[in-house]
Structures are given as C-alpha cells and as structure tokens.
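Trainee: To start, I am sharing the structure in question, which I have written as structure tokens.
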Amino acid sequence: MDEEYDVIVLGTGLKECILSGIMSVNGKKVLHMDRNPYYGGESASITPLEDLFKRFKVAGNPPESMGRGRDWNVDLIPKFLMANGQLVKMLLYTEVTRYLDFKVVEGSFVYKAGKIHKVPSTETEALASDLMGMFEKRRFRKFLIFVVGFDEHDPKTNQGVEPRKTTMREVYKKFDLGQEVIDFTGHALALYRTDDYLDQPCLDTINRIKLYSESLARYSKSPYLYPLYGLGELPQGFARLSAIYGGTYMLNKPVDEIVYEKGRVVGVKSEGETARCKQLICDPSYVPNLVKKVGKVIRVICILSHPIKNTNDCNSCQIIIPQMQVNRKSDIYVCIVSYAHNVAAEGKYIAIVSTTVETNNPEKEVQPALELLDPIDKSFVSISDLYQPTDDGQTSQVFISSSYDATTHFETTCDDIKSIYKRMTGTDFDFENMKRKQNDVFGDDAQ
C-alpha cells in the first residue's frame, strides 16, 4: 500500500464508485478503500435477509414464511433510474451495462385525496385520466404539447414564455391549470420535492418534464428502470470498470488518518502504512469535521406478501404523495420492487417509504404511505442524517460527496458527481470522455 496514487477514494457508495471508474478510464492511478467488508456503503443492497435483521438489531431469525434468506437483496436507499437520465447515459458510455440487467418499473402513480392514480404523462393518458375533469384535461393536454415542443433556442415554440425569466407559476397560469394538476405536474412529472420551484425560471421544470416523457417514450410502462439483484449491483459494476483500468480495491480496510501538508491532502494512513495521493474523494462518514448536517431522511423498508392495492397488481412501481395532499413541505415517496427483480423470495414484495423529516415524530409523518401498504409483514425503520461538505476541495483537494437525499431517482446523485468532477479536473463533465477506448482490453470479451 506504500505507493503514490493520483486519486484515493474512500467508501464504495455509488458516487464514489462512479468517480473512481471515470478517473481510471481517464488514465489516473486510483486506490479505492472501504472500511466495510462489502461494496455499496450507504447505497448497498443487503443479503441474505438474516443480515438485514442483524443490521436493524431485530432479535431472532426471519420467519420461514419469508423463504430462503439468500433470495433477498434489500436496498438500504430506494431509487430508480430514469430511462433517459444521466445515470443511464453513464452506464451506456462506460459500458458498465454489460455487467447488469435491468427491468422496466411497471407503473408510476400519484396520491390524491387518499387514493392512488396513474400519473398521466402523454396526451392520450391525459384525456383518459381520472385525476381531472374534462376541461382540465384539455388544458393539461395543451400544456403537455407545449412542453414537448419547447425549444429554448427557437422563439416560435415558446409562445411568449421567456425560458430564463418567466416563472413556472406564470406558465401554469398561462395554461389555466388548477392546483391539483400543478401538484402532480411539479411532483410526479418534474419530480420536485417541494414547491420552491414555482417562483424559479421555468426552463429547468420544462426540461424535467421533457426528461420524464422522453424516458417514458422508451418503454411506455413507466420512465423508470431497476437493476436485477438490486441497486448494490451499480457500485460493483463501476468498481469492476475501475479495476479493468488498473484501479486497486481494498475492502475491510480501516482508515486511521487522512494526512495533510500545508492544508493540502497528501495521503491516507491505514494499519501502519501510508498511501500517498494528489487528490482524495470520500463520503461524509470519513471526514466528520468537513461536513455539516442539513436535515434528516426517514426510510421504512417494508416486507409484503402482496402487490399494492389500485396499482393493477404491478410487481414494481413508484407512488408519489405530493406534500400538499398531506399538509407537508416535502413529498413522501414509495418504491416497490419484488421477486420479479431477484431481490425477494417468491411471491414477496419490498416497499420502501422515504421522506425528508420535518417534525420530532418522523414515523407519524410517513403514516399515510404505510396505510397504502397494509398489511405489512415486517418493517425496518432508519433515520439518517443528511450531510453536505463545508469545503469545496479547491485548496485541500479533498472532495466530499453529499448524503443521498429522499428522492427516488438518481438525477440529484448525478448532479453531485458532475460537480465533484468539475472541481477536481477544472473541466465540465463530458459523457464522451467516459467512453472506453476502442482498443482497450476489456477484461472480458474485447469488442
């Protein structure tokens, strides 16, 4: 270990593994360490089921009715991939897709007045939806046609809307959309967690709705994908990419000290040895003195023996409960996956409820979501602190990822990766740079 590296990465969460893969592809010499004996850090998938019981300090073994323990891979952090989103692009460009299999998530639903409704996101669905009355449907359809045809560089498509000046609130008013339509558009299509976006320029929201409809157009059931065997497969895929390009991996490796000289990182000490480096990437748990707490997320992992009511018996789906529906500031999310994804025993389902904590009684906050899941065989509650770095890394060359938020997609995760990449390299993140060189040895069948 007493060697010189360009980059040392601490922690094998998804963000750390993607960055280590990209740095390796870009020719950097990378050492990747994790104090845990498994990949994934906070974003791991836990297997067998016995390990999940131990992790949450549940006495005894899982009941026999839950099947074989090794048939389970339970995600600690629930997220889906947008089919046309940034993470899928990263997977395709780096060809990490060769290590993974995906299934389309079968449905996307939104909660209104105690009931679950399918999210309408195409003109046809808008007209058939039971979320709106007849006149509202027509107005919403006009709005969708406007969004899909919108091009910020072609004023003819803008209908008088100034993409960087007109607020989203004004755009909704222009199309005369009612509060409930605004609710599901902002939260179930544009996937905002709060209503702060309403008074921001509309371009970001329009692009988010376009991403949703383009992702949906690829597979028609929903805009989301999910990997077989769970999300823990994602960090491992990027770790494999890094290893093919010469990256060195060490699991179960304690980090005793991060070594600085004149305020700049120069290495990492572990078990009496020091590995030297020019730059360091890590998750917040390795540098508690360089991060600040910005909130909490509650996640409740629920094991079920049935699909969710009113979802057409989907074996996977997302349900969004917009904050206005339950008098909150932030949305509640429910992700459902099942035995169809090789993450649960035959006939079993895993539903994970998550939201940003707003009160001193987080479990009561998620009650509306848990009621949709009844009956629940077993639930596991985790409340995690959310951390953000207080240091941008420019002087210290220590680049720290933010904690995973309550959203159920990877767009904010990818934004953080791109931000760290820009601070480390001084250049904007370019998907083209991630392409494997054509004459590389792939470590499996060369292309």
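Trainee: So in region 366-384, with the set limited to residues that are in contact (Cβ under 8 Å) with a residue 60 or more places away in the chain and polar (S, T, N, Q), which one is farthest from GLU50 (Cα to Cα)?
Mentor: Looking at residues that are in contact (Cβ under 8 Å) with a residue 60 or more places away in the chain and polar (S, T, N, Q), I get SER384.
Trainee: Scan (1) at pLDDT 90 or above; (2) more than 27 Å from TYR226 (Cα to Cα) for the single condition MET132 breaks and write down its number.
Mentor: (1)
Trainee: In addition: Checking THR311 against (1) at pLDDT 95 or above; (2) assigned to a loop (DSSP other than H, G, I, E, B); (3) surrounded by fewer than 22 Cβ atoms within 10 Å (Cβ to Cβ); (4) of a type in the set (Val, Ile, Thr): exactly one of these is not met. Which one?
Mentor: Result: THR311 fails condition (1) only.
Condition check ((1) more than 28 Å from ASP34 (Cα to Cα); (2) at pLDDT 95 or above; (3) touching a helix residue (DSSP H, G or I) at 6+ places or on another chain (Cβ under 6 Å)) across all residues:
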residue	(1), (2), (3)
THR194	yes, no, no
CYS202	yes, yes, yes
ILE209	yes, no, yes
PRO223	yes, no, yes
PHE238	no, no, yes
TYR245	no, no, yes
VAL259	no, yes, no
LYS262	no, yes, no
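Trainee: Would it be correct to say that SER379 is open to solvent by 50 Å² or more (accessible area, probe 1.4 Å), touching a strand residue (DSSP E or B) at 6+ places or on another chain (Cβ under 7 Å), assigned by the TED database to the domain that holds ASN73 and over 15 Å from LYS79 (Cα atoms)? Break it down stepwise before answering.
Mentor: Working: open to solvent by 50 Å² or more (accessible area, probe 1.4 Å): yes; touching a strand residue (DSSP E or B) at 6+ places or on another chain (Cβ under 7 Å): yes; assigned by the TED database to the domain that holds ASN73: yes; over 15 Å from LYS79 (Cα atoms): yes.
So SER379 fits the description; yes.
Trainee: Right, something else. Check every one of the helices (runs of 4 or more DSSP H) wholly within region 105-204 and list those with 3 or more residues that are hydrophobic (A, V, I, L, M, F, W, C) and open to solvent by 80 Å² or more (accessible area, probe 1.4 Å).
Mentor: Once the helices (runs of 4 or more DSSP H) in region 105-204 are filtered for at least 3 residues that are hydrophobic (A, V, I, L, M, F, W, C) and open to solvent by 80 Å² or more (accessible area, probe 1.4 Å), what remains is 134-149.
Trainee: If you scan region 334-385, which residues turn out to be in a loop (DSSP other than H, G, I, E, B) and closer than 12 Å to VAL300 by Cα?
Mentor: Restricting attention to region 334-385, the residues satisfying the condition of being in a loop (DSSP other than H, G, I, E, B) are 342-348, 357-361, 366, 374-377.
Residues satisfying the conditions are VAL366, ILE376.
Trainee: What number goes with the only condition from (1) more than 19 Å from SER402 (Cβ to Cβ); (2) charged (D, E, K, R); (3) not in a loop (DSSP other than H, G, I, E, B) that ARG299 does not pass?
Mentor: In the conditions (1) more than 19 Å from SER402 (Cβ to Cβ); (2) charged (D, E, K, R); (3) not in a loop (DSSP other than H, G, I, E, B), ARG299 misses (1) alone.
Trainee: Of the residues that sit in region 218-267 and are assigned to a strand (DSSP E or B) and outside the structural domain of PRO37 (by the TED database), which one is farthest from THR124 (Cα to Cα)? Before the answer, list the steps.
Mentor: To start, the set of residues in region 218-267 that are assigned to a strand (DSSP E or B) comprises 224-227, 248-250, 257-261, 264-267.
Right, trim to outside the structural domain of PRO37 (by the TED database) and you get 224-227.
Numbers: TYR224: 20, LEU225: 22, TYR226: 26, PRO227: 29 Å.
Within region 218-267, the match that is farthest from THR124 (Cα to Cα) is PRO227.
Trainee: Okay, moving on. Would you check if TYR339 is open to solvent by 60 Å² or more (accessible area, probe 1.4 Å) and either closer than 26 Å to GLU106 by Cα or outside the structural domain of ARG299 (by the TED database) (or both)? If you could, list the steps in order and put the result at the bottom.
Mentor: Numbers: open to solvent by 60 Å² or more (accessible area, probe 1.4 Å): yes; either closer than 26 Å to GLU106 by Cα or outside the structural domain of ARG299 (by the TED database) (or both): yes.
Taking the combined requirement at face value, the residue satisfies it.
Residue-by-condition table, conditions (1) under 26 Å from VAL297 (Cα atoms); (2) acidic (Asp, Glu); (3) in the same structural domain as MET23 (by the TED database):
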| position | (1), (2), (3) |
| --- | --- |
| ASP51 | yes, yes, no |
| GLY69 | no, no, no |
| TRP72 | yes, no, no |
| ILE77 | yes, no, no |
| PHE80 | yes, no, no |
| LYS89 | no, no, no |
| ASP101 | no, yes, no |
| SER129 | no, no, no |
| MET132 | no, no, no |
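Trainee: Within region 62-71, identify whether any single residue is modelled with pLDDT under 95 and of a type in the set (Lys, Arg), and answer yes or no.
Mentor: no
Trainee: Starting from residues that are of a type in the set (D, E, K, R) and over 20 Å from SER65 (Cβ atoms), keep the ones in region 348-376 and report whichever is most open to solvent (accessible area, probe 1.4 Å).
Mentor: Here is the first cut: in region 348-376, the ones of a type in the set (D, E, K, R) are 348, 358, 363-365, 371, 374.
Within this subset, residues satisfying the condition of being over 20 Å from SER65 (Cβ atoms) are 358, 363-365, 371.
On the way: GLU358: 64, GLU363: 99, LYS364: 144, GLU365: 19, GLU371: 113 Å².
Ranking the qualifying residues of region 348-376, first place goes to LYS364.
Trainee: With the requirement that a residue be open to solvent by 20 Å² or more (accessible area, probe 1.4 Å) and either in the same structural domain as ARG328 (by the TED database) or of a type in the set (Gly, Ala, Ser) (or both), what does region 205-217 give you?
Mentor: Restricting attention to region 205-217, the residues satisfying the condition of being open to solvent by 20 Å² or more (accessible area, probe 1.4 Å) are 207-208, 210-211, 213-214, 217.
Hits for region 205-217 are SER213, ALA217.
Trainee: Checking the conditions here, which among THR412, THR408 is at pLDDT below 85, farther than 21 Å from LEU280 by Cα and not assigned by the TED database to the domain that holds LEU189?
Mentor: Details: THR412 fails: at pLDDT below 85.
Going through THR412, THR408 in turn, just one is at pLDDT below 85, farther than 21 Å from LEU280 by Cα and not assigned by the TED database to the domain that holds LEU189: THR408.
Trainee: Kindly evaluate VAL294 against the criterion of being over 28 Å from ARG68 (Cα atoms), open to solvent by less than 30 Å² (accessible area, probe 1.4 Å) and not charged (D, E, K, R). Outline the logic, then answer.
Mentor: Working: over 28 Å from ARG68 (Cα atoms): yes; open to solvent by less than 30 Å² (accessible area, probe 1.4 Å): no; not charged (D, E, K, R): yes.
Here the answer is no, as VAL294 does not meet what is asked.
Trainee: Please identify the pairs in which a residue from region 127-150 that is closer than 15 Å to LEU203 by Cα has its Cβ atom under 6 Å from the Cβ atom of a residue that is among the hydrophobic types (A, V, I, L, M, F, W, C) and part of a loop (DSSP other than H, G, I, E, B), counting only partners at least 6 apart or on another chain.
Mentor: Filtered contacts from region 127-150: PHE143/PHE175.
The values are calculated or read from the model by the stated rules, or taken from the named source; none is laboratory data. Here the structure is a predicted model, which means the values were calculated and not measured. Reconstructed Cβ throughout: ideal geometry from the backbone, glycine too, with neighbour counts over all protein chains shown. These area figures cover heavy atoms from the full protein model, side chains too; ligands, DNA and RNA do not enter into them. Shrake-Rupley method; radii C 1.70, N 1.55, O 1.52, S 1.80 Å.
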